[in-house]
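S.K.: Below is one structure. I have some questions about it.
The values are calculated or read from the model by the stated rules, or taken from the named source; none is laboratory data. These numbers were taken from a predicted model, which means no experiment stands behind them. FYI the Cβ positions are ideal-geometry reconstructions off the backbone, even for glycines, and counts take in every protein chain you see. When the accessible area is computed, the model is the full protein with side chains, heavy atoms only, and any ligands, DNA or RNA have been set aside. Shrake-Rupley method; radii C 1.70, N 1.55, O 1.52, S 1.80 Å.
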Amino acid sequence: LMTCYWFVYTIFQTHHPTVTDFLICLSLLLQSPRSLARMGVIPSLVALCALPVPLILYCLDWQLWLETGTGNANFIYFQCLAYHAFISILFIEFCGATVRRQTASQLTRSDIMTST
């Protein structure tokens, strides 16, 4: 549950995204291996592999825009948009996997209760 709350905070935060927010989400994801096992492989893998691209470009655009004055604010906006899209994909996959895990756990419990 804490992982889902932190994902929501990371997606809807009012300040600029940081790598620390993502790393906290990633470490919280690793705390629930049963849900990770039920996550969809393709969307999660695409999101995890593509996530460094907007993060690196965001840092580069930030330096170009604020330090040298040659960057464009729209580039930063779209990097933030891509970052939040990939985080949202991970969030949706994790919540879906958690619901599937909880449903399987309840069905297993009900089968045990009916068989005894």
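S.K.: Could you sort HIS16, HIS84 by their accessible area in this structure, using a 1.4 Å probe and putting the largest first? Write down the numbers at each step before the final one.
M.R.: On the way: HIS16 90, HIS84 40 Å².
I get HIS16, HIS84, largest accessible area first.
S.K.: Carbon-plus-sulfur fraction of the accessible area of the chain, 1.4 Å probe, in percent?
M.R.: Details: 5350 of 7590 Å².
Within the chain, the accessible surface is 71 percent carbon and sulfur.
S.K.: Moving on. Charges at C-beta only: +1 for Lys and Arg, -1 for Asp and Glu. How large is the resulting dipole of the chain about its Cα centre, in Debye rounded to 20?
M.R.: 540
S.K.: For LEU1 and LEU26, calculate 0.36 nm times their separation in residues minus their Cα-Cα distance, and state this gained length in nm to one decimal. Mind dumping the intermediate values first?
M.R.: Working: separation 25, 0.36 × 25 = 9.00 nm, distance 1.40 nm.
Net length gain for the segment: 7.6 nm.
S.K.: Nearest 10 degrees, 0 to 90: what angle lies between the long axis of helix 41-50 and the longest principal axis of the chain (Cα atoms)?
M.R.: The answer is roughly 20 degrees.
S.K.: How long is the chain along each principal axis, judged by its Cα atoms, biggest number first, in Å?
M.R.: 72, 25, 19
S.K.: Between ILE92 and HIS15, what is the FRET efficiency for a Förster distance of 41 Å, r being their Cβ-Cβ separation, to the nearest 0.05? Working shown, then result.
M.R.: Values: r = 23 Å, r/R0 = 0.56.
Once the sixth-power term is evaluated, E becomes 0.95.
S.K.: Same structure, new question: Among VAL53, GLN102, PHE86, pick out the residue whose Cα is farthest towards the positive end of the charge dipole of the chain, where Lys and Arg carry +1 and Asp and Glu carry -1 on C-beta, about the Cα centre.
M.R.: Going by the Cα projections, it comes out as GLN102.
S.K.: Something else about it: Note down the accessible area of CYS59, probe 1.4 Å, to the nearest 10 Å².
M.R.: Result for CYS59: roughly 80 Å² accessible.
S.K.: So how tilted is helix 2-11 from the main axis of the chain? Cα-based, degrees 0 to 90, rounded to 10.
M.R.: It works out to around 30 degrees.
S.K.: Hey, another quick one. Using a probe radius of 1.4 Å on heavy atoms only, what accessible surface per residue do you get for the range 51-116? Whole Å² is fine.
M.R.: Per residue, the range 51-116 has an accessible area of 65 Å².
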